[in-house]
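Before any comments, here is the structure.
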Amino acid sequence: MSNPYAPDSNDLEALLRIGAIKLERTAGIPTWEAQPGSRHQMVVDRIRASIAPRSDDSQGCDCCHLADVAIRFPDGSLKRLDIAIFCAPPPVQDTALTVLPVAVIEVISLGYEYKDIVLNPPFYLGHGLRDVVVVDPHAQRVTHYTLTGVQTLITPAALMLDCGCRCDIP
């Protein structure tokens, strides 16, 4: 008798069922990755603790943020963003949000660089997100994509986001 809580590592369905991996669909391309390790989660937590409205924010963004939240995009793509930033509180619901964030911060996990560096930035920008931040804690750099350009910095760094928020990248 097999144990559903200790699946064979080749059993994708069982790994999904117990939450050992997360599955996404980006512009029709399915991707999966193992649940993040402690380094990833600590970086996410430190960034979230620093997110606040910019002192010069004339846009009135409240900089509400959620971690590991499911978002369904207008094209049907389903993403689980490491950090999603909204200017107003998103709705409280048990299914994927259909309200798009104004900014997203993704923290790279080893082995999943392609998804975060190649697939995600153009996808998010193409859906009108104002800021896409990709943090590489191993290379100690952060890349900030906006609708008008790209900037790469060495970490730690303080970022001023176009949406009206600021955050510190450890």
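The values are calculated or read from the model by the stated rules, or taken from the named source; none is laboratory data. Predicted model, so just to flag it, every value in this text is computed and none were measured. Note: ideal-geometry Cβ built from the backbone for every residue, glycine included; neighbour counts use all protein chains shown.
In the set L147, L129, which member is at pLDDT below 95 and over 19 Å from K22 (Cβ atoms)?
L147
May I ask you to list pairs of residues, at least six apart or on different chains, whose Cβ atoms are under 6 Å apart, with the first in the range 84-96 being aromatic (F, W, Y) and the second being at pLDDT 95 or above?
F86/C64; F86/P101
Go through the range 81-104 residue by residue and tally those that are part of a strand (DSSP E or B) and either over 11 Å from H65 (Cβ atoms) or more than 17 Å from the chain's Cα centre (by Cα) (or both).
The number of residues fulfilling the criteria is 1.
Of (1) of a type outside the set (V, I, T); (2) surrounded by 14 or more Cβ atoms within 10 Å (Cβ to Cβ); (3) within 17 Å of D116 (Cα to Cα), P53 satisfies all except one. Which?
(3)
Of all the residues that make up the range 109-149, how many are more than 17 Å from G164 (Cα to Cα), hydrophobic (A, V, I, L, M, F, W, C) and free of Cβ contacts under 8 Å to residues at least 40 places away in the same chain?
The total comes to 6.
Can you tell me which condition N10 does not meet? The list is (1) surrounded by 12 or more Cβ atoms within 10 Å (Cβ to Cβ); (2) modelled with pLDDT under 90, and all the others hold.
So the condition that N10 fails would be (1).
Would you pick out the residues in the range 151-170 that are assigned to a strand (DSSP E or B) and touching a residue at least 12 places away in the same chain (Cβ under 8 Å)?
Those that are assigned to a strand (DSSP E or B) and touching a residue at least 12 places away in the same chain (Cβ under 8 Å): L153, I154, A157, L159, M160, C165, R166, C167, D168, I169.
I'd like to know if the range 24-42 contains one or more residues that are modelled with pLDDT under 80, crowded, with 16+ Cβ neighbours inside 10 Å and not in a strand (DSSP E or B).
Yes, the range 24-42 contains at least one residue that is modelled with pLDDT under 80, crowded, with 16+ Cβ neighbours inside 10 Å and not in a strand (DSSP E or B).
Which of the residues spanning the range 86-123 are closer than 16 Å to E24 by Cα, polar (S, T, N, Q) and surrounded by fewer than 19 Cβ atoms within 10 Å (Cβ to Cβ)?
T95, T98
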